[in-house]
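Asks: Handing you this structure, nothing more for now.
No lab work stands behind these numbers, since they all come straight from the coordinates. Please read these numbers as outputs of a predicted model, since none were measured by experiment. Backbone-built Cβ (ideal geometry, glycine too); neighbour counts: all protein chains shown.
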Amino acid sequence: MPLARRKWGSSADASPSVPLTERNGGKPQTAWGAWVVIAAFVAILGAFALAVTKYREAGDVATAMGSITGVIGALVGAYFGIRGTTLAQSKSMEVLAKQLKPDGAHSAGPAETAADPAEPEPTRSPPRAGG
């Protein structure tokens with residue numbers, strides 16, 4: 001299957017890293033991460049070709065490529081950082097939506113069944129050292 005047509009999150013591909021969310025209407029998401037990495041490689045190869053044709057000294061090429069790869073690496077890292085945070089937030093919202101009943105009542109979890117949430121817990125003083 002071509003990379004452009006690859007869809008993640010379908011029932012055949014139970015990938016937990018790309019969930020189906022209500023925000024996208026339950027539609028599978030495109031694999032944008034692969035395109036970001038491919039674009040970064042193409043940009044680095046293009047910059048290398050330009051640096052090799054412009055500079056004759058190896059040190060000059062290394063200097064030009066060092067700054068270019070640093071910037072491209074930072075941008076790709078930022079993309080995946082933001083993407084990971086967004087997916088984690090969407091997953092936590094899905095879990096929260098599952099915990100809430102349709103009438104708005106909260107489904108009691110194990111921590112809430114042990115104590116009544118309406119009554120505050122008694123305050124305890126911290127343990128003393130050496131005593």
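Asks: Given the Cα-Cα distance of LEU50 and ALA88 and 0.36 nm per residue of separation, how much length would full extension add, in nm?
Replies: Working: separation 38, 0.36 × 38 = 13.68 nm, distance 3.93 nm.
Fully extending the segment from LEU50 to ALA88 adds 9.7 nm.
Asks: Once the Cβ-Cβ distance between ALA78 and ALA58 is put in as r, and R0 is 41 Å, what FRET efficiency do you end up with, to the nearest 0.05?
Replies: Efficiency at R0 = 41 Å is approximately 0.85.
Asks: Hey, got a sec? Which chymotrypsin sites (Phe, Trp or Tyr not before Pro) in the range 47-103 land in a DSSP loop and have at most 15 other Cβ atoms within 10 Å?
Replies: TYR55
Asks: Also, I was wondering about something else. Would the range 32-99 count as rounded, prolate or oblate if I go by the C-alpha gyration tensor, calling it rounded below 1.5 in a/c and otherwise prolate when a/b exceeds b/c, oblate otherwise?
Replies: Numbers: a/c = 8.69, a/b = 3.73, b/c = 2.33.
Judged from the Cα gyration tensor, the range 32-99 comes out prolate (a/c at least 1.5, a/b above b/c).
Asks: Now a separate question. Out of the range 41-90, which trypsin sites (Lys or Arg not before Pro) are coil in DSSP terms and have no more than 16 other C-beta atoms within 10 Å?
Replies: Answer by residue number: ARG56.
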